[in-house]
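Encoded as structure tokens, the structure appears first; notes follow it.
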Amino acid sequence: AAQEGFDVEDIEGALDEAGHGPLPVLAVVGRPNVGKSTLVNRILGRREAVVEDRPGVTRDRVTYEAEWAGRRFKVVDTGGWEQDVLGIDASVAAQAEFAIEAADAVVFVVDASVGATDTDEAVVKLLRRAGKPVVLCANKVDGPSGEADAAMLWSLGLGEPHPVSALHGRGTGDMLDEVLKVLPDAPAQTFGAGVGGPRRIALIGRPNVGKSSLLNKIAGEERVVVNEIAGTTRDPVDERIELGGQTWTFVDTAGIRRRVHLTEGADYYASLRTAAALEKAEVAVVLIDVSEPISVQDTRIITMAVEAGRALVLAYNKWDTLDEERRFYLEREIERDLVQTQWAPRVNISARTGRHMEKLVPAIETALAGWETRVPTGRLNAFLGELVASHPHPVRGGKQPRILFGTQAGTRPPRFVLFASGFLEAGYRRFIERRLREEFGFEGTPIQISVRVRE
Ligand code: GDP
Ligand code: GDP
């Protein structure tokens, strides 16, 4: 009776939708103003899968979930990234390099009405080196007269240019069909169950929070030298490091090691690198510098980790610098700015003195355990039944939506599908999430809840 109004196919469909493993990643790269953002919006259409509507979680997104011809994948939207801080060429190259690294396939967008520029050629070199599948999008071909411009782009040596008008939608379907042909079913950088090996940690945080100091503290200084020699380009380096009696992989450490402390481009590099590292990691350790007020940049990075669906540990670094007064304000800042991630394990460390280094591994293990928690369907529905009985959804317009049935569709992070008789308000969903956490733990992990409504 709890499943009234739904048949098995409904449920299986929803599970397919929400329970998908890691999705392959498509990066859209190209010079500024060639139409990347317009194309990404076109790809997302109106069907952008918004799984949750927690305030503050939807901003500053880098990757989106998309679907075409029944296949789901992630799109890395590089269009919104700051492009001018380093000069156009350096920015475009860096952007492309990071996006390509994180991607399983690439759409390279060129403005056909302008033709190939030197910057385009530079990106082509990066694409060749990366060896990932590339689909060439000849954009701004708004009508048949532009087809000849598109054909000129054969000269780039990337195969057939696909004439597209991202603005009007012309040709985008054909191009996406082409993309699906080259996009693998699952990401290469998968951390799926079958892969095994050491757990993968991303050490992230804004510039100067102490990432390299921490990495050096736990790995030993001597490796820095080795990497300086090996890492001639911006290639990410994943390092295996012993910690707490286990081996861990710290992903994408090259940038941390190299101490790229650009005053102007720092933000830009930080967000690119953070996105790339998160793609590859299972757990994010976000460093926060307690000697300074918690900033928008800190919360943005935490949001990126949550949005990426990674397990999360918050490491408050430079604890050695705290005096009474600063400590007082810090706790207030945490209450004010970081309530959304109260569920993340917290460690108060000093990369300089080595304070509480031994607490890192237990915190990481807690977060990973939460990330992999599975609640049996029977237990979940017993819990939901009680919750709905004791705290029914408020009546709206004479109707009272009810949760009929729920199931956990996946883990890493936990994903739930609720079947309901009507739309559930954001406040009620947040309430459900809070209660789920109280009941089942989920320490250190985001939770995704999607609701299937049967009118
Ligand atoms: P991005 O910087 O690469 O993300 O480029 P945008 O998506 O912001 O587009 C830059 C400009 O080009 C905007 O004014 C768009 O409206 C315009 N644009 C994008 N796609 C097309 C297209 O297919 N045809 C035409 N005519 N203009 C386009
Ligand atoms: P990154 O940009 O995040 O890699 O930061 P760094 O590791 O380069 O650190 C930035 C600055 O903070 C350097 O001057 C470090 O010596 C200093 N620092 C890092 N960790 C600590 C710490 O725990 N305590 C103190 N007092 N300073 C630290």
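The values are calculated or read from the model by the stated rules, or taken from the named source; none is laboratory data. Please read all numbers here as calculations on a predicted model, not as lab measurements. Cβ sites come from the backbone with ideal geometry, for glycine too, and all protein chains shown count toward neighbours.
Taken across region 20-38, residues that are away from ligand 1 (no atom under 15 Å from the Cβ), over 25 Å from VAL182 (Cα atoms), touching a Gly at 6+ places or on another chain (Cβ under 9 Å) and at pLDDT below 70 do not occur at all.
Tallying residues that are within 12 Å of ligand 2 (Cβ to nearest atom), surrounded by fewer than 17 Cβ atoms within 10 Å (Cβ to Cβ) and in contact (Cβ under 8 Å) with a residue 40 or more places away in the chain within region 343-360 yields 2. Checked across region 228-247, the condition of being within 16 Å of ligand 1 (Cβ to nearest atom), among the acidic types (Asp, Glu) and modelled with pLDDT of 75 or more holds for no residue. For region 422-430, the condition of being among the acidic types (Asp, Glu) and under 30 Å from ALA308 (Cα atoms) holds for at least one residue. Return yes or no: is ALA122 touching a residue at least 24 places away in the same chain (Cβ under 8 Å) and not in a loop (DSSP other than H, G, I, E, B)? It is true that ALA122 is touching a residue at least 24 places away in the same chain (Cβ under 8 Å) and not in a loop (DSSP other than H, G, I, E, B). Among the residues making up region 131-152, those that are in contact with a helix residue (DSSP H, G or I) (Cβ under 9 Å, 6 or more places away or on another chain) and closer than 26 Å to GLU101 by Cβ are LYS132, PRO133, VAL134, VAL135, LEU136, CYS137, ALA138, ASN139.
Among residues belonging to region 300-331 that are touching a residue at least 60 places away in the same chain (Cβ under 8 Å) and of a type in the set (Val, Ile, Thr), point out the one that is farthest from ligand 1 (Cβ to nearest atom).
VAL313
If you filter region 134-169 down to residues that are part of a helix (DSSP H, G or I) and not small (Gly, Ala, Ser), you find that the one that is farthest from VAL25 (Cα to Cα) is PRO144.
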